[in-house]
Structures are given as structure tokens and as C-alpha cells.
1. Relative contact order of the range 84-126, please, whole-number percent, based on alpha carbon pairs below 8 angstrom and at least 6 residues apart.
2. Rounded, prolate or oblate: pick one for the range 97-202, where a ≥ b ≥ c are the square roots of the eigenvalues of its C-alpha gyration tensor, a/c under 1.5 means rounded, and failing that, prolate if a/b is larger than b/c, else oblate.
3. How far apart, in nm, are the 7 Å Cα→Cβ label points at residue 23 and residue 144?
4. Once you put a point 7 Å from the Cα of residue 54 and another 7 Å from the Cα of residue 201, both along the Cβ direction, what distance in nm separates them?
5. Applying 1/(1 + (r/R0)^6) with R0 = 30 Å to the Cβ-Cβ distance of residue 35 and residue 211, what FRET efficiency is obtained, to the nearest 0.05?
6. If ligands, DNA and RNA are left out, what is the accessible area of residue 144 with a 1.4 Å probe, given in Å² to the nearest 10?
7. When only alpha-carbon atoms count, how far does the range 59-150 stretch along each of its three principal axes, as whole angstroms with the largest first?
8. When only alpha-carbon atoms are used, what values of Rg and Dmax, in angstrom, describe the range 152-228?
Amino acid sequence: QLSVVPLLFKQLNMSGGLACLALNKDDVTKMLAASTHLGDSNVHFQMMQYVFRRRSDGVCLIDIKKTWEKLLLAARVIAAIENPADVCVISSRNFGQRAVLKFASHTGATPIAGRFTPGTFTNQIQAAFREPRLLVITDPAADHQSIQESSYVNIPVIAFCNTNSPTKYVDIAIPCNINSSNSIGLMWWLLAREVKRMRGDISRNLEWEVMPDLYFYREEKPEEEEEAQAPDVTPAQDTFNAATTETTYTAPAAVDADANTMIAPTSTYAPKEDWQTADANTDWGADANNTDWGTDTAT
């Protein structure tokens, strides 16, 4: 007879002790390089459980192990949705818009990048009305309008939260650094990879060919903006300062007519009269027979 009591006291997590779901060294290195573990100096009381310790400068350090466990939980929830388009991913901040669009293209979700139109989930009259089954939010503070509307229609919410992020109406909070563009891009990349692995689209034994850099926000430099705005026009030739050169006209060489040369046919119309060769002294008003048109010819 199996004893179930020891399992009640054992701390269970989303990885379940499986080696395939365990956090590996490469993912830890990526998180540390992207500053995913760096929180804020302020801590929300519901985010205290995810703080490992506080540094001497006051910055809180997030427990990466708990971040990975909550990431697996979110991936399992997203993979459980039958229609991928029912998952709505939202980011109103510039740092997360590119990551949201890439996540939607790789997983089939519905992206909302940019300003969230109020009434998208509640107003059925407007054209942008949607009825998703799950929301994935980049920043609970910036995307508070979508979270507020999701509470009206009972839509579960998954959100990336920092140590000072509000967690009201958030069902699954993934603790991470949302103030860094690299951290946001890496977390969206890890979530997309785990979703595709749980759906069976890619294998866990092979590396995903998509690089995390594709999810990072890239700010255009002023030089690139000027090149994109300036039209590609070839400069005109300087005709004023150019040296004058004499050009001589050479007549084209005569080409012998052969069988393949088209020759215009001879005209069949009568030749035109040459009015210029007429006698200049001719009096057009004179009558040749001196006929008096006023006399009666019958008398």
C-alpha cells in the first residue's frame, strides 16, 4: 500500500522533479546576462515570496528558480488552449511590442501591440471587439486597462511582474525584471519556446533555431532614420562647371537591305499637285471667254 501522506509535506512544483523540465545552465546564464533577476528597490507585499534577498544598494534579487516554475505554469496554461488565436498577448510599452509580435507569429496568438482601445473586451459594437480566453500581459501597470476589462468578463490573466508591480486581477504572476528591454525579450522568448515544446512542435533535445535577439527591442539610430527617410535620388550632372566638349555628328552607316529588312511599300495614292510652280501672273478673277453673265442668252 502506497503512502500518500509524505507527498503532502513534500514541496511540489510545476517541473514535478522531471529532468526534462528542470532549469538548465544555459537558461540561467541567459537570465543573468539579461538582468532578469534584478528587481526594484520597492517590493509589493504579494511579491515578497519571489524575492531571494536584498542587495546593499537596496535592489531586490528575484529567485530565478521560482521564475522558471511560474514560467512553466504559464506555458502549460497557454498550451491547454485548443485554439491558439484565443490567447491574446498585449504590450503597450515599446520594449515589449516587438516581442509580442514575434510571440504571436510563432505560437499563433492574437497580438495587441501599442495603445489598447478601451472597450475591446466589453463593447460589442466596435470593430476591434474580441473575446479571448486568456490574456498575457507585459506590464500590469502599463496595461491596467486591459486587466480591468478582463475582470468584467472573467478572462484569466498571465502577467510578467516586477517586485513593485500591482497584482490585482492577475492570476499567474511571472516574477522578472520588466524594466530592461533584454529581460522582457528573453522572457517572451522562453515562454514561446516552452509553449511550442509542450505542444510538440519542437523537440526538447534540440535547440530552437530562433535566437533570443529576435525578441529584443531595437532602437533605431538617427543615422538609420535619416537613411530611411531620405529618397534614393541620383545626383544630377553639373552642367555649369563641366568642361565643354565638342561633339561631332556622324551619319549612320548605310545598311544593305536583305531578306530580313522591312522596306516601306510604294504609295498607291496620286502625287500631290505642286501649287508653288503655278504661274504667278495668272489672274484668277479674269474670265477666259469674257462671258457676260448678266445677259439673257434666249434673246
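1. Details: 49 pairs, mean separation 18.0, N = 43.
Relative contact order here is 42 percent.
2. On the way: a/c = 1.72, a/b = 1.25, b/c = 1.37.
In terms of gyration-tensor shape, oblate.
3. 3.0
4. 4.2
5. Numbers: r = 18 Å, r/R0 = 0.61.
The calculated FRET efficiency here is 0.95.
6. We get 110 Å² for residue 144.
7. Principal extents (largest minus smallest coordinate, Cα): 45, 33, 22 Å.
8. Rg, Dmax (Cα atoms, Å): 16.5, 47.
The values are calculated or read from the model by the stated rules, or taken from the named source; none is laboratory data. All values reported here derive from a predicted model rather than from experimental measurement. For neighbour counting, all protein chains shown are included, and Cβ atoms are generated from backbone atoms with ideal geometry for every residue, glycine included. Note: areas computed on protein heavy atoms with side chains; ligands, DNA, RNA excluded. Shrake-Rupley method; radii C 1.70, N 1.55, O 1.52, S 1.80 Å.
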